[in-house]
Every structure is written in C-alpha cells, then in structure tokens.
Amino acid sequence: MIMYERKRRRPVSEINVVPYIDVMLVLLIIFMVTAPLVTQGVKVDLPKAEAESLSDDSKPPIIASVNAAGEYFINVGDKQDDPMSATDLAVIVAQQIQKEPATPVVVKGDGAVPYANVVQLMVLLQRAGVPSVGLMTESPEE
C-alpha cells in the first residue's frame, strides 16, 4: 500500500491591501471633488441686479456702518450712536439679535473704505450671531 503524503498548507499570513487601496482612491476622489466647494469666508446675501428694498411692514433693520476713517457705527431703528469700537458693536448687535432674531442686518460701507474693513465688519457681525447680512447700496442715478 502506497501512502500519499499530504502536504500541509501553511496559513497565509499576508494582509490583502487591495481593498484598502480601492477605498483610499475613492476617498481621494471624493475629497478632490468637494474641496473646491468648501469656501472660507462670510456668508452674504448679495442683491441681484434689480434689488428690492426692504418692505415697509418688516422690522426696521440694524444698520452697521463703517466710514472712510475706519470708524464703526450702528443704527438700531431710529437711534444712531457715536463712533464705537468693534467689540462694542458686536455686543450691541448680539443683544439685539437675541431679543429679535428675525431682525434684518445691513452693512453700510463708505465708497472710500478699503474692502478689508467691510469684510472685517461682516466677520464681526457673523461672530455676533447674525445669520445673514445684507449690503446697503444706493440706486444708480438715471
């Protein structure tokens, strides 16, 4: 009788990395597609070409202003304050937004103000808890 020797197979102790590479490539593609969509900055509701004014029945807006000298002002309803610091402006706006969350907030910037000052004002408003900011403009002369 001839006995056949059975060869014992040793267990394979290698990790199959092919599925991990597939997952990594899919994630890489997803991140490459979504990275340009993620923007950093202040969310602003910009007016369209034919912007409509605020309706008369709406609440009076909070108007945050910056003048050519870089001074901040705030108009709440009919009240206009003297120039103030950025932190004071943020505190006042945060208090008003807590009282009336639906109050519209509008940024009024002087034409001679550098763009950076207007963006800093919008960042202040965002940190104060304002959900959206409008930009105040004048109607073009006919």
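The values are calculated or read from the model by the stated rules, or taken from the named source; none is laboratory data. Here the structure is a predicted model, which means the values were calculated and not measured. Backbone-built Cβ (ideal geometry, glycine too); neighbour counts: all protein chains shown.
Please enumerate the residues belonging to segment 90-132 that are of a type in the set (A, V, I, L, M, F, W, C), farther than 15 Å from residue 76 by Cβ and surrounded by 12 or more Cβ atoms within 10 Å (Cβ to Cβ). So that I can check it myself, show each step before the final result.
Step one: of segment 90-132, the residues of a type in the set (A, V, I, L, M, F, W, C) are 90-94, 97, 102, 105-107, 112-113, 116, 118-119, 121-125, 128, 130.
Add one more test, that the residue is farther than 15 Å from residue 76 by Cβ, and what stays is 112-113, 116, 118-119, 121-124.
If the condition is that a residue be of a type in the set (A, V, I, L, M, F, W, C), farther than 15 Å from residue 76 by Cβ and surrounded by 12 or more Cβ atoms within 10 Å (Cβ to Cβ), then 113, 118, 119, 121, 122, 123, 124 are the ones that fit.
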_Report every pair of residues separated by at least 6 positions or lying on different chains whose Cβ atoms are under 6 Å apart, first residue within segment 120-132 and more than 16 Å from residue 61 (Cβ to Cβ), second β-branched (Val, Ile, Thr)._
123/42; 126/42
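Condition check: at pLDDT 85 or above and not charged (D, E, K, R). Does residue 96 satisfy that? Write out each step before concluding.
On the way: at pLDDT 85 or above: yes; not charged (D, E, K, R): yes.
Considered against the rule, which asks whether it is at pLDDT 85 or above and not charged (D, E, K, R), residue 96 comes out as yes.
Name the residue, out of 45, 56, that is modelled with pLDDT under 85, more than 16 Å from residue 134 (Cα to Cα) and outside any helix (DSSP H, G or I).
Values: 45 fails: more than 16 Å from residue 134 (Cα to Cα).
Being modelled with pLDDT under 85, more than 16 Å from residue 134 (Cα to Cα) and outside any helix (DSSP H, G or I) holds for just one of 45, 56, which is 56.
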*asked:* Condition first: closer than 16 Å to residue 61 by Cβ, among the polar types (S, T, N, Q) and not in a helix (DSSP H, G or I). Now tell me which residues in segment 83-119 satisfy that.
replied: 103
*From the set of residues in segment 94-104 that are of a type outside the set (Gly, Ala, Ser) and either in contact with a Gly (Cβ under 7 Å, 6 or more places away or on another chain) or touching a residue at least 60 places away in the same chain (Cβ under 8 Å) (or both), which is farthest from residue 126 (Cα to Cα)?*
104
